[in-house]
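Contents: one structure, followed by commentary.
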Amino acid sequence: MKRLVAGILSAALLTSAAAAASTDPELSGVEPAAAAAQTAYADLEQLPAYAATMEVLLDGITVKPVGYNIKGNNYYKLRDIAALLSGKECQFNVTWDGERRAINLVSGQAYEVVGGELGEQPMAQQTAALTREPVYLDGDTAALTAYNVQGNNYFKLVDIGEMLGFQVGYDPQTRTVLINTPVTPAPKPDVPDEPVIPETPETPEPETPAAPETPAEPETPNCVDGVLKIWIDPGHGGSDAGNVSKAVAGFDAPWGVQYAAGDPISEKDFNLAVSQMLCEMLEEDGVEVRMTRTDDTTVTASTRQTLFSTEGGGYDMIFSVHHNAYQSTAPQGAEILIQIAYENGGRGREFGELLKQEYMDMGQSFRRFVFQHSSTNSANDYYFVLRSARAGGALAFISEFCFMTNPEDQLWLLSEENLRAEARAQYNAIMEYFETHEY
Ligand SMILES: [Zn+2]
């Protein structure tokens with residue numbers, strides 16, 4: 001992703017869906033009470049927010065999203081950007097998850113208008129506070145800086161662009177923000193097929209015309225060739241940090257960074273460290289391993305979806321390594337996210353049980369298996385990793401070993417030995433599973 005003056009420009013966005021649940025228009029059907037929303041933020045540090053006055057060009061055409069400049073960065077209204085991009089390759093929808101009290105972005109889906117988009121330009125000056133609500137992209141945590149102004153949340157445009165695949169630049173001579181959307185998908189060598197675009201509600205999955213709540217388990221794995229091939233997916237990376245928490249203790253990280261208690265720690269680093277350890281263990285056993293990333297580079301959700309849906313079928317398993325977070329510190333324990341095709345049993349659940357046992361054997365508590373259906377098409381997986389892997393015919397899992405937001409759980413991550421134990425548990429489960437399953 002090209003970033004012309006990314007440091008100066010962190011343009012950003014706002015969503016009315018991001019107001020607290022009680023004031024969310026999509027839940028309550030009423031407009032958020034700005035005063036109530038402001039009261040909810042009154043305990044947070046208030047910063048001045050100035051009306052963003054730069055010209056914005058979208059693919060060369062002047063557009064007028066509502067924006068503010070906060071601490072030197074531009075932030076634009078999320079729903080304005082979503083409305084502007086609707087119909088383009090990188091379109092996305094914005095919904096409110098009342099259960100998780102989170103903002104959901106759904107990539108590839110046309111934007112559903114709620115009213116008030118691209119409205120009046122902002123007041124000259126307001127106050128802003130860091131927003132409380134977490135943001136999810138296609139079901140996965142998205143690390144984004146956001147500010148709440150007058151009950152609405154504003155995000156950095158470059159962040160959204162990197163996640164959804166459009167370019168954001170800045171021309172300092174004309175003080176113009178430049179948004180460029182891809183006209184055609186980037187060509188993929190040796191993959192003739194078009195990249196898979198996530199289904200819209202109007203497009204049911206072809207294999208399940210009767211739309212049962214849970215699709216049938218595929219009869220046989222499609223990658224049986226006598227060679228065990230595992231695709232490890234270290235979650236997030238680069239500009240996408242995943243969840244960011246505060247270290248509850250000092251920690252000498254295996255990636256060469258010394259953290260003091262209270263320092264911010266990023267999920268992406270732990271995901272990569274555990275993945276690399278797991279990769280080493282598997283390779284020592286002669287397993288063919290592919291890694292989505294081997295360093296701290298950005299891999300967008302749409303890139304991952306394209307990769308898994310077009311190349312996932314060549315692997316016996318896609319194993320995505322994540323670490324969980326929540327807006328309160330209470331939840332703890334391991335979660336294993338499994339494709340909905342295995343909700344009633346079968347290969348997915350069998351592996352899930354093995355991994356659960358391995359995690360429990362090392363002393364970690366187990367919270368739950370998650371079989372989450374897409375809210376727009378119940379025959380689809382909610383999580384894009386699982387959904388796109390299934391589209392490619394691959395068995396896939398997401399491991400959320402612990403909650404980084406729970407102090408006790410986080411201690412699992414704060415030693416190299418513990419990280420290795422986590423990887424060892426994953427290795428054991430994978431090897432045990434393929435003792436009794438074809439590959
Ligand atoms: Zn994650």
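The values are calculated or read from the model by the stated rules, or taken from the named source; none is laboratory data. Since this is a predicted model, take the numbers as computed values, not measurements. Quick reminder, even Gly has a Cβ in these numbers, built from the backbone with ideal geometry, and neighbours come from all protein chains shown. The area values use the complete protein model at the heavy-atom level, side chains included, leaving out ligands, DNA and RNA. Shrake-Rupley method; radii C 1.70, N 1.55, O 1.52, S 1.80 Å.
To keep it simple, each residue is scored yes or no on (1) closer than 26 Å to D381 by Cα; (2) touching a strand residue (DSSP E or B) at 6+ places or on another chain (Cβ under 8 Å).
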{"site": "L272", "(1), (2)": "yes, yes"}
{"site": "D296", "(1), (2)": "no, yes"}
{"site": "L307", "(1), (2)": "yes, no"}
{"site": "Y315", "(1), (2)": "yes, yes"}
{"site": "E335", "(1), (2)": "yes, yes"}
{"site": "I340", "(1), (2)": "yes, yes"}
Review point. When only residues in the stretch 145-178 that are of a type in the set (G, A, S) and in a strand (DSSP E or B) count, which is nearest to S245 (Cα to Cα)?
Key: A146
Exercise for review: Take the stretch 317-327 and flag every residue that is of a type outside the set (A, V, I, L, M), more than 12 Å from the ligand (Cβ to nearest atom) and open to solvent by less than 10 Å² (accessible area, probe 1.4 Å).
Suggested key: F319
Point to revise | Condition met for G393 (of a type outside the set (A, V, I, L, M, F, W, C), touching a helix residue (DSSP H, G or I) at 6+ places or on another chain (Cβ under 6 Å) and either outside any helix (DSSP H, G or I) or at pLDDT below 95 (or both)) | key: yes
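To keep it simple, each residue is scored yes or no on (1) in a loop (DSSP other than H, G, I, E, B); (2) of a type outside the set (A, V, I, L, M, F, W, C); (3) modelled with pLDDT of 85 or more.
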{"position": "A83", "(1), (2), (3)": "no, no, yes"}
{"position": "K88", "(1), (2), (3)": "yes, yes, no"}
{"position": "W96", "(1), (2), (3)": "no, no, no"}
{"position": "E99", "(1), (2), (3)": "yes, yes, no"}
{"position": "G115", "(1), (2), (3)": "yes, yes, no"}
Exercise for review: Only residues that are away from the ligand (no atom under 13 Å from the Cβ), of a type outside the set (S, T, Y) and open to solvent by 50 Å² or more (accessible area, probe 1.4 Å): list them for the stretch 236-246, please.
Suggested key: K246
Check your understanding: So which residues in the stretch 120-144 are open to solvent by 30 Å² or more (accessible area, probe 1.4 Å), within 15 Å of K156 (Cα to Cα) and part of a strand (DSSP E or B)?
Key -> L130
Review point. Quick one: which of P264, P254 is more than 16 Å from the ligand (Cβ to nearest atom) and at pLDDT 95 or above?
Key: P254
Revision key, fill the gap. Given (1) under 29 Å from G235 (Cα atoms); (2) in contact with a Gly (Cβ under 8 Å, 6 or more places away or on another chain); (3) away from the ligand (no atom under 16 Å from the Cβ), P122 misses just (1)
Point to revise | Which listed residue, of A379, A391, is more than 16 Å from the ligand (Cβ to nearest atom), closer than 22 Å to H236 by Cβ and of a type in the set (A, V, I, L, M, F, W, C) | key: A391
Check your understanding: Does the stretch 365-377 include one or more residues that are modelled with pLDDT under 95, of a type in the set (S, T, Y), open to solvent by less than 30 Å² (accessible area, probe 1.4 Å) and in contact with a helix residue (DSSP H, G or I) (Cβ under 8 Å, 6 or more places away or on another chain)?
Key -> yes
Check your understanding: of a type in the set (A, V, I, L, M, F, W, C) and not assigned by TED's automatic domain parsing to the domain that holds T329, is that true of V244?
Key -> no
Check your understanding: Given the conditions (1) open to solvent by 30 Å² or more (accessible area, probe 1.4 Å); (2) under 30 Å from L157 (Cα atoms); (3) assigned to a loop (DSSP other than H, G, I, E, B), and given that V299 satisfies all but one, which numbered condition is not satisfied?
Key -> (1)
Exercise for review: Kindly indicate the residue of the stretch 281-296 that is surrounded by fewer than 20 Cβ atoms within 10 Å (Cβ to Cβ) and in a helix (DSSP H, G or I) and also nearest to the ligand (Cβ to nearest atom) among those meeting that condition.
Suggested key: M281
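Here's the yes/no breakdown for (1) in the same structural domain as G108 (by TED's automatic domain parsing); (2) under 22 Å from the mean Cα position of the chain (by Cα); (3) open to solvent by less than 50 Å² (accessible area, probe 1.4 Å); (4) free of Cβ contacts under 8 Å to residues at least 40 places away in the same chain:
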| position | (1), (2), (3), (4) |
| --- | --- |
| Q357 | no, no, no, no |
| L386 | no, yes, yes, no |
| A394 | no, yes, yes, no |
| P407 | no, no, no, no |
| S415 | no, no, yes, no |
**Study point:** E117 vs. criteria open to solvent by 20 Å² or more (accessible area, probe 1.4 Å), of a type in the set (D, E) and within 14 Å of I81 (Cβ to Cβ)
**Key:** yes
Check your understanding: Looking at (1) free of Cβ contacts under 8 Å to residues at least 12 places away in the same chain; (2) at negative phi, which is the one condition that is false for G363?
Key -> (2)
Exercise for review: Say whether the condition of being more than 13 Å from the ligand (Cβ to nearest atom), among the acidic types (D, E) and not in a helix (DSSP H, G or I) is met by at least one residue in the stretch 272-280.
Suggested key: no
Review point. Given the structure, is A249 touching a Leu at 6+ places or on another chain (Cβ under 6 Å), over 27 Å from A396 (Cα atoms) and either small (G, A, S) or within 12 Å of the ligand (Cβ to nearest atom) (or both)?
Key: yes
Review point. Is there a residue in the stretch 343-353 that is in contact with a strand residue (DSSP E or B) (Cβ under 8 Å, 6 or more places away or on another chain), more than 28 Å from N406 (Cα to Cα), away from the ligand (no atom under 14 Å from the Cβ) and open to solvent by less than 50 Å² (accessible area, probe 1.4 Å)?
Key: no
